[in-house]
Amino acid sequence: MEKSKDAKLKTEIFTTDIDPFMLNYLSDIFCNDENVKIKKADLALPINFQDNYFNCVTANLVLPYLIHHRGEIGLKGFIKLLEDIHRVLKPGGHFIWSSPKKKVKFLKVFTASWKNVLDPKNLEHLYYGPAILKQALQIQRKGYKSIYHFLDVKELEKILIDIGFTDIKFTKSMADQVNIIKCKKI
């Protein structure tokens with residue numbers, strides 16, 4: 001049966017966070033978009049969506065900072081989270097996410113951003129830039145101590161293959177200090 005040319009394809013987009021401030025911020029941004037659903041999510045808990053639900057899942061610089069998930073701590077918890085993401089993806093669904101590379105150098109990212117930090121049109125960057133760098137260097141130290149999961153490409157690829165992802169592609173971003181990973185559920 002052919003759909004009417006006037007019929008619109010319904011798209012649902014879920015955006016999640018655990019922080020009430022960010023949830024309110026997202027509500028303000030998407031208040032007039034009925035396709036965007038805002039949901040509180042704690043990544044330490046199982047992902048609260050049914051199996052094979054999403055066509056695509058994205059996560060920008062969040063997953064490697066997971067310390068525990070579904071009762072598992074450290075790298076085991078990180079892997080459990082990736083398994084949960086695989087579970088909620090439909091067959092053929094895409095997973096696009098980013099992770100700092102192993103031995104990341106956030107100072108390189110900061111120096112590559114100097115034009116933005118010193119932009120006279122955004123003087124607040126002069127304040128926020130160094131504060132963000134300070135926080136990034138603390139995160140970097142935790143990554144070096146394996147508190148966070150900054151893995152090399154081969155380690156990430158093996159984990160993703162073992163879970164059942166395919167078509168795994170890596171690109172670099174942020175002064176070559178962050179991996180952008182795209183993969184697919186079979």
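The values are calculated or read from the model by the stated rules, or taken from the named source; none is laboratory data. Just so you know, these numbers come straight off a predicted model, no measurement behind them. Virtual Cβ from ideal backbone geometry, glycine too; neighbours counted across all protein chains shown. Note: accessible area is taken over every heavy atom of the protein model, side chains too, but ligands, DNA and RNA are not part of it. Shrake-Rupley method; radii C 1.70, N 1.55, O 1.52, S 1.80 Å.
See the values below:
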read-out	value
Candidates Asp176, Asp152, Asp119, filtered to the one that is out of contact with any Pro (no Cβ under 8 Å at 6 or more places or on another chain), of a type in the set (Asp, Glu) and farther than 23 Å from Thr58 by Cβ	Asp119
First in segment 24-39 and closer than 16 Å to Thr11 by Cα, second anywhere and part of a helix (DSSP H, G or I) and of a type in the set (Ser, Thr, Tyr), Cβ under 7 Å, 6 or more apart	Ile38/Ser27
Output for segment 114-130, where each listed residue is within 26 Å of the chain's Cα centre (by Cα) and of a type in the set (A, V, I, L, M)	Val117
Segment 105-127: number of residues that are touching a helix residue (DSSP H, G or I) at 6+ places or on another chain (Cβ under 6 Å) and among the aliphatic types (A, V, I, L, M)	1
Pairs where the first residue, in segment 89-108, is within 21 Å of Ala131 (Cα to Cα) and among the aliphatic types (A, V, I, L, M) and the second is open to solvent by less than 60 Å² (accessible area, probe 1.4 Å) and part of a strand (DSSP E or B), C-beta under 9 Å, 6+ apart	Val104/Val178
Check on Lys10, basic (Lys, Arg), in contact with a strand residue (DSSP E or B) (Cβ under 8 Å, 6 or more places away or on another chain) and closer than 30 Å to Gly164 by Cα	no
Residue list for segment 90-123, filter: hydrophobic (A, V, I, L, M, F, W, C), touching a Phe, Trp or Tyr at 6+ places or on another chain (Cβ under 9 Å) and closer than 30 Å to Gln50 by Cα	Phe95
Among residues of segment 152-174, those that are part of a loop (DSSP other than H, G, I, E, B), within 18 Å of the chain's Cα centre (by Cα) and in contact (Cβ under 8 Å) with a residue 60 or more places away in the chain, counted	1
Whichever residue in segment 124-177 is touching a Ser or Thr at 6+ places or on another chain (Cβ under 8 Å) and on the phi < 0 side of the Ramachandran plot and, among such residues, is most open to solvent (accessible area, probe 1.4 Å)	Ser173
Cβ pairs under 6 Å, 6+ apart, first in segment 45-62 and over 16 Å from Phe165 (Cβ atoms), second part of a loop (DSSP other than H, G, I, E, B)	Pro46/Arg70
Residue under evaluation Glu12, criteria (1) among the acidic types (Asp, Glu); (2) under 27 Å from Lys142 (Cβ atoms); (3) out of contact with any His (no Cβ under 9 Å at 6 or more places or on another chain), criterion not met	(2)
Verdict on His149 being within 21 Å of the chain's Cα centre (by Cα) and either part of a helix (DSSP H, G or I) or not small (Gly, Ala, Ser) (or both)	yes
